[in-house]
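A.B. asks: For reference, the structure I am asking about is given below.
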Amino acid sequence: MNAVIEDSNIVVETHDLTRKFGKFVAVDKLNIAVKRGEIFGFLGANGAGKTTAIRMLCGLLEPTSGTGTVAGFDIVKQAERIKSRIGYMSQKFSLYNDLKVEENLEFYGGVYGLDSRALKQHIHETLERMNLQHVRTKMTAELPLGWKQKLALGAALMHNPDIIFLDEATGGVDPVARRDFWDMIHDLAAHGKTIFVTTHYMDEAEYCHKISIMHQSRVLIQGKVGDLKVQTGMKTVEELFKHVVTQGDSA
Amino acid sequence: MSVIRHFVKKEFRQVFRDKQMLRMLLIVPIVQLIVLGNAINLDVKHVRLAIFDHDHSEVSRDLLSRFRSSDYFDIILADQSKLSALMDRGKIDISVVIPEGFARDLGSGSTAKAQLIVDAQNSNLAGIATGYVNGVFGSFQEDFRNRMLEKNPDIKSKIHSVEVVSRVFYNPEMNTYFATIPGIAVLLLTIITTLINALNIVREKEIGTLEQLMVTPISKFQFVMGKSLPFAILGYIELAIALAVGMLWFKIPFAGSFLLLAFSAALFLMTTLGAGLLVSTVAQTQQQALFTAWFFLVFCIIMSGFLTPIENMPTALQYLTYLDPLRYMIKVTRGIFLKGSTFFDLKYELAAMAIYGTAMFALAIFRFRKSTT
């Protein structure tokens, strides 16, 4: 385990964070605390409320009630200040297919306000880190999905954010590309970045330091992966997930 | 500022890479101007006129030949018994019946009568055609009077002839292109800039890039300017193309100041781009955006006075036309183009456009949200 993980600085925290759409409660009283350098996994089936929760934390969606802070800023009142400190990548591939690889990076870096020298340097570094130098002048549309997702991650990191939100970032990507992707995530965490991921791939959850299992808008259980396994006597996160969800349904 | 610059760069890269879009933006307006410029002809020509001459006199033949020599009429000769049938079938727009004794009455100094029958399904056409016929009768009467005077100079004191000499300003040849081309140019500018802004933003909503942008610290103002500025530049390119077609193809002289036209266009583009932006805040799909924008556009086009004179509208609706930004821009463009109007000549229109543009843009920025409530 990395020394940074022992740091007790909490960078993402919520108290009874709730979001309703009409009568439907999408997220019900969410309480989480994520420390700097942690990889925090949000697990749950589609529609469990993971994306709604992440959208509130990123300032894309206003909560109905409850409070939360990200990087020390209030998610309602200081949403814009949060935005320069976070990187966000969603399940939907969100780069421009009709721009070249390097043009996408240039644009996002530019939007984050990097000056032209920093921009040039960051583009170079990102391409290097993501192993995309050889396709830098290619049209983004021509890349395979796995590479596109790497590029999207690269774009989300252009401004060197402290916290990175990945919402089902590896959906539809092949296993090899997913491994690559997770290697990068671990590398980022090792460098003190906090990673907040949502996923429904249980094998990916094994890579997380801490997980939170969401089911029908509520968190059923959360804690360190190892601790939760011991607590419930389960060997894998997949077993753990099934166990917890079945219990949740019968309760 | 640099954020906006990156936006402009990105939008231009996308526009110039999309060859089909480029054709739409650059070539279609040229074709539209040339085709519509010829198609939208507000003059009435080739009025189908039937003449029934029961007088068979020298005078009535003179009248007939006057109608024949006019560009405005296509003469149809038929038996009068078929008149109502021809009218019913829509073969005749207007007919003139010269009764027996027409020349005799005229010569004797009593009132000579002729009958005019008009198909008024299209009241506008009917009015204009009647005017033409009366014009021919007017000049005929004038010449007839002069001939009488030559023969009997002593009756001069009894005849009071009023001659109206009209002079036409700004468009001496009464060329209809002069009015329609600047109008179509403004119309195209309105449609292109409103739609392009609305559709572009909603498209980013659909593909998910808008959400990616909303999670960046970009300000509302930067976003709105970043989106509008590239399309404003595109709008100027459209306007330049339209001017070139008007001046080179239709040979319309440009009497005014290009700078003033550019300034007016800036005020106008704030309105259309602002409207597009406003549409994008309510529409979730490009289809919705297209319909919403189209309602705004149809209102603007119909109420602008471009196709039907504002004076013909009911009074209440005439007031409504003051809410139409196109009304001002068409007037301003025609004024600068044809009359060489100055800033002071157009100060009210420009003021209205400035208010409209600022309000529209401010409303769009106000309505635009970075987060969903």
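The values are calculated or read from the model by the stated rules, or taken from the named source; none is laboratory data. Please read these numbers as outputs of a predicted model, since none were measured by experiment. Cβ placement follows ideal geometry from the backbone for every residue including glycine, while neighbour counts extend to all protein chains displayed.
A.B. asks: Would you mind stating whether residue B:71 is acidic (Asp, Glu) and closer than 30 Å to residue B:185 by Cα?
C.D. replies: Details: acidic (Asp, Glu): yes; closer than 30 Å to residue B:185 by Cα: yes.
Yes.
A.B. asks: Are any residues in region A:147-176 surrounded by fewer than 18 Cβ atoms within 10 Å (Cβ to Cβ) and of a type outside the set (Val, Ile, Thr), and if so, which ones?
C.D. replies: Within region A:147-176, the first condition is being surrounded by fewer than 18 Cβ atoms within 10 Å (Cβ to Cβ), and the residues that meet it are A:160, A:162, A:171-172, A:174-176.
Within region A:147-176, A:160, A:162, A:171, A:172, A:174, A:175 meet the criteria.
A.B. asks: Would a scan of region A:131-138 turn up a residue that is in contact (Cβ under 8 Å) with a residue 24 or more places away in the chain, among the basic types (Lys, Arg) and buried (at least 19 other Cβ atoms within 10 Å of the Cβ)?
C.D. replies: There is no residue in region A:131-138 that is in contact (Cβ under 8 Å) with a residue 24 or more places away in the chain, among the basic types (Lys, Arg) and buried (at least 19 other Cβ atoms within 10 Å of the Cβ).
A.B. asks: For residue A:109, which of the numbered conditions (1) within 13 Å of chain B (Cβ to nearest Cβ); (2) assigned to a helix (DSSP H, G or I); (3) surrounded by fewer than 19 Cβ atoms within 10 Å (Cβ to Cβ) fails to hold?
C.D. replies: The one condition residue A:109 does not meet is (3).
A.B. asks: Here's a follow-up. Tell me yes or no: at least one residue of region B:68-78 is closer than 30 Å to residue B:184 by Cα and of a type in the set (Lys, Arg). Break it down stepwise before answering.
C.D. replies: Filtering region B:68-78 down to residues closer than 30 Å to residue B:184 by Cα leaves B:70-74.
If we keep only those that are of a type in the set (Lys, Arg) too, we end up with none.
No, region B:68-78 contains no residue that is closer than 30 Å to residue B:184 by Cα and of a type in the set (Lys, Arg).
A.B. asks: Here are the criteria: (1) surrounded by fewer than 20 Cβ atoms within 10 Å (Cβ to Cβ); (2) of a type in the set (Phe, Trp, Tyr); (3) touching a residue at least 40 places away in the same chain (Cβ under 8 Å). Tell me which single one residue B:268 does not satisfy.
C.D. replies: (1) is the only condition that residue B:268 fails.
A.B. asks: When region A:69-102 is examined, which residues are found to be at the interface with chain B (Cβ under 10 Å from one of its Cβ atoms) and free of Cβ contacts under 8 Å to residues at least 12 places away in the same chain?
C.D. replies: Listed by number, the residues that qualify are A:81, A:92.
A.B. asks: Starting from residues that are more than 14 Å from chain A (Cβ to nearest Cβ) and of a type in the set (S, T, N, Q), keep the ones in region B:323-373 and report whichever is surrounded by the most Cβ atoms within 10 Å (Cβ to Cβ).
C.D. replies: By that ranking, first place goes to B:333.
Each row is one residue, and each column tells you yes or no for (1) at pLDDT 75 or above; (2) among the hydrophobic types (A, V, I, L, M, F, W, C); (3) within 26 Å of residue B:73 (Cβ to Cβ); (4) not assigned by TED's automatic domain parsing to the domain that holds residue B:33.
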position	(1), (2), (3), (4)
B:139	yes, no, yes, yes
B:148	yes, yes, no, yes
B:154	no, no, no, yes
B:168	no, yes, yes, yes
B:178	yes, yes, yes, no
B:181	yes, yes, no, no
B:186	yes, yes, no, no
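A.B. asks: Can residue B:213 be described as among the aliphatic types (A, V, I, L, M), free of Cβ contacts under 8 Å to residues at least 24 places away in the same chain, surrounded by 15 or more Cβ atoms within 10 Å (Cβ to Cβ) and closer than 30 Å to residue A:160 by Cα?
C.D. replies: Numbers: among the aliphatic types (A, V, I, L, M): yes; free of Cβ contacts under 8 Å to residues at least 24 places away in the same chain: yes; surrounded by 15 or more Cβ atoms within 10 Å (Cβ to Cβ): yes; closer than 30 Å to residue A:160 by Cα: yes.
The answer is yes for residue B:213.
A.B. asks: Might you let me know whether region B:80-89 holds any residue that is of a type in the set (Gly, Ala, Ser), in contact (Cβ under 8 Å) with a residue 24 or more places away in the chain and assigned by TED's automatic domain parsing to the domain that holds residue B:143?
C.D. replies: No, that holds for no residue.
A.B. asks: Working only within region A:119-146, note down all residues that are over 26 Å from residue B:2 (Cβ atoms) and within 22 Å of the chain's Cα centre (by Cα).
C.D. replies: Once the filter is applied, which keeps residues that are over 26 Å from residue B:2 (Cβ atoms) and within 22 Å of the chain's Cα centre (by Cα), region A:119-146 yields A:131, A:144, A:145, A:146.
A.B. asks: Could you please let me know if residue A:138 is closer than 17 Å to residue A:105 by Cβ and basic (Lys, Arg)?
C.D. replies: Working: closer than 17 Å to residue A:105 by Cβ: yes; basic (Lys, Arg): yes.
It is true that residue A:138 is closer than 17 Å to residue A:105 by Cβ and basic (Lys, Arg).
A.B. asks: Still on this model: Looking at (1) buried (at least 21 other Cβ atoms within 10 Å of the Cβ); (2) farther than 19 Å from residue B:371 by Cα; (3) in contact with a Gly (Cβ under 9 Å, 6 or more places away or on another chain); (4) not charged (D, E, K, R), can you tell me which one residue A:79 breaks?
C.D. replies: (2) is the only condition that residue A:79 fails.
A.B. asks: Only one of these conditions is not met by residue A:247: (1) farther than 26 Å from residue A:19 by Cβ; (2) surrounded by fewer than 14 Cβ atoms within 10 Å (Cβ to Cβ). Which number is it?
C.D. replies: With respect to (1) farther than 26 Å from residue A:19 by Cβ; (2) surrounded by fewer than 14 Cβ atoms within 10 Å (Cβ to Cβ), residue A:247 is out only on (1).
A.B. asks: Follow-up. Is it true that residue A:22 is farther than 27 Å from residue A:240 by Cα, in contact with a Leu (Cβ under 6 Å, 6 or more places away or on another chain) and more than 12 Å from chain B (Cβ to nearest Cβ)?
C.D. replies: Details: farther than 27 Å from residue A:240 by Cα: yes; in contact with a Leu (Cβ under 6 Å, 6 or more places away or on another chain): no; more than 12 Å from chain B (Cβ to nearest Cβ): yes.
No; evaluated as a whole, the condition is false for this residue.
A.B. asks: Identify the residue in region A:17-39 that is among the charged types (D, E, K, R) and surrounded by 14 or more Cβ atoms within 10 Å (Cβ to Cβ) and, among all such residues, is farthest from the chain's Cα centre (by Cα). So that I can check it myself, show each step before the final result.
C.D. replies: Let us first name the residues in region A:17-39 that are among the charged types (D, E, K, R), namely A:19-20, A:23, A:28-29, A:35-36, A:38.
In the following step, the residues that additionally are surrounded by 14 or more Cβ atoms within 10 Å (Cβ to Cβ) were identified as A:19-20, A:28-29, A:35-36, A:38.
Details: A:19: 19, A:20: 22, A:28: 20, A:29: 20, A:35: 14, A:36: 14, A:38: 11 Å.
Here the answer is A:20.
Here's the yes/no breakdown for (1) under 25 Å from residue B:351 (Cβ atoms); (2) surrounded by fewer than 19 Cβ atoms within 10 Å (Cβ to Cβ):
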{"position": "B:231", "(1), (2)": "yes, no"}
{"position": "B:236", "(1), (2)": "yes, yes"}
{"position": "B:245", "(1), (2)": "no, no"}
{"position": "B:257", "(1), (2)": "yes, yes"}
{"position": "B:274", "(1), (2)": "yes, no"}
{"position": "B:281", "(1), (2)": "no, yes"}
{"position": "B:288", "(1), (2)": "no, yes"}
{"position": "B:305", "(1), (2)": "yes, no"}
{"position": "B:321", "(1), (2)": "yes, yes"}
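A.B. asks: Please verify whether residue A:114 is in a loop (DSSP other than H, G, I, E, B) and more than 7 Å from chain B (Cβ to nearest Cβ), treating the condition exactly as stated.
C.D. replies: Working: in a loop (DSSP other than H, G, I, E, B): yes; more than 7 Å from chain B (Cβ to nearest Cβ): yes.
Yes.
A.B. asks: So, one more: Please verify whether region A:43-59 includes one or more residues that are within 18 Å of the chain's Cα centre (by Cα), more than 10 Å from chain B (Cβ to nearest Cβ) and under 30 Å from residue A:133 (Cβ atoms).
C.D. replies: No: zero hits.
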